1. As a footprinting exposure proxy, order Val223, Val104 by other Cβ within 10 Å, with the fewest listed first.
2. Under the 0.36 nm per residue contour assumption, what length would be gained going from the current alpha-carbon distance of Ala275 and Phe162 to full extension?
3. Suppose R0 equals 25 Å. What FRET efficiency, 1/(1 + (r/R0)^6) with r the Cβ-Cβ distance, do Glu256 and Ala226 give to the nearest 0.05?
4. Zone of Arg102 (label point 7 Å along Cα→Cβ, backbone N under 16 Å): which residues in region 163-190?
5. Multiplying the sequence separation of Ala198 and Lys265 by 0.36 nm and subtracting their Cα-Cα distance, what value in nm do you get?
6. Give me the percent relative contact order of region 101-233, please, defined on Cα pairs under 8 angstrom at least 6 residues apart.
7. Which of the GluC sites (Glu not before Pro) found in region 172-212 are in a DSSP loop and have at most 13 neighbouring Cβ atoms, other than their own, within 10 Å?
8. 7 Å from Cα along Cα→Cβ at both Ser172 and Arg295: what's the point-to-point distance in nm?
Amino acid sequence: MAKTGDQDRDALIAQASDWLARLDAGRAVPEDFEAWRAVDPRRAAAFAEVAAAWSRLDALRDVEPRTRPAVTRRAWLGGGLALAAGVAGAAYVGRDQLLRVRTVTGIGERRTLALPDGSSVELNTDTIVAWRFDRQRRRLWLERGEIALTIAHDALRPFELFTHEGLARLASGQFNARLRPAGLDLIVLAGRAAIKTAAGEAEAAVEAATDARQALAVSAAGVSVAAAPEAEVQNVQAWRRGEIVFEGQRLTEAVEEYNRYLTRKLVIEDPKVGALRLGGRFLTDNPETFLEALRTTFGLRIIADDPSRILLKSR
């Protein structure tokens, strides 16, 4: 008959395994996980034990088959406990997320990361990425926002970009990836990209300086490939300099784009105002020149009556 202490430990290990699986699948709220772990030191210990056990299992996968020891669930968990196969399998998947390095930018912030292989990733405003490199693979997850990637050559390890829209395999080169509410935009500035999603597959390549830059767009309808409009290429280059460029967009579209960088949002109350078209180059961290242009060019009233918004109204 199992002792009460053993039963408690079994339950904690099972809970920890379930958290691992849910975190990796993106079905867990990180704050909820931290709250669960903080309640009892035994929970933190159980979670660390499960994560460490599965990390050791990951290392065993690199051992030659004939020298690899037989590994049982009892050995995996390092404490003599055999979990149900479904929970154990979920924990194995979940441990991968624990080994990822995660980086976040706030609204209006930009950041550049140097990756271990010599590649680099630039994060635009309000962006979340995670990455993990090992001896076989180079993987980066774009969870939210927009990034510019410069991929170093590595003949043995492909570079894989994961999003909720699907998987992109990237050769050495330069790329820009942006998640949108209804899909993913991937611009190939140089190099080769192949995207695979539930809706379809596509490839694009820019191999010479004279080649047109390519744009892959993922939506519910599938994956499309076309030459990237020059305005879109300019926008990619602009945000990396802290700029935002408009070339005849409606004011509603311009404000939506500018609001990505602002904690104090611009709000249009009059549909006629939203239909106005404008052009110009502005700084993402200083909307004052943009507002002044609206005031002098279109005669709009700029009403800063609330800490969270700025109203744009006609006179």
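Values quoted throughout were computed directly from the atomic coordinates according to the rules given, and no laboratory measurement underlies them. Values in this document were obtained by computation on a predicted structure and should not be read as measured data. When we count neighbours, we look across all protein chains shown, and the Cβ atoms used for this are built from the backbone with ideal geometry, even at glycine.
1. Values: Val223 22, Val104 15.
Fewest to most other Cβ atoms nearby, the residues stand as Val104, Val223.
2. Working: separation 113, 0.36 × 113 = 40.68 nm, distance 3.65 nm.
Between Ala275 and Phe162, full extension yields an extra 37.0 nm.
3. Values: r = 23 Å, r/R0 = 0.90.
So the FRET efficiency works out to roughly 0.65.
4. 163-164
5. Numbers: separation 67, 0.36 × 67 = 24.12 nm, distance 3.50 nm.
Computed gain between Ala198 and Lys265 is 20.6 nm.
6. After rounding, I find 15 percent.
7. Working: sites: Glu201, Glu203, Glu207; in loops: Glu207.
Answer by residue number: Glu207.
8. In this crude label model, Ser172 to Arg295 measures out at 5.2 nm.
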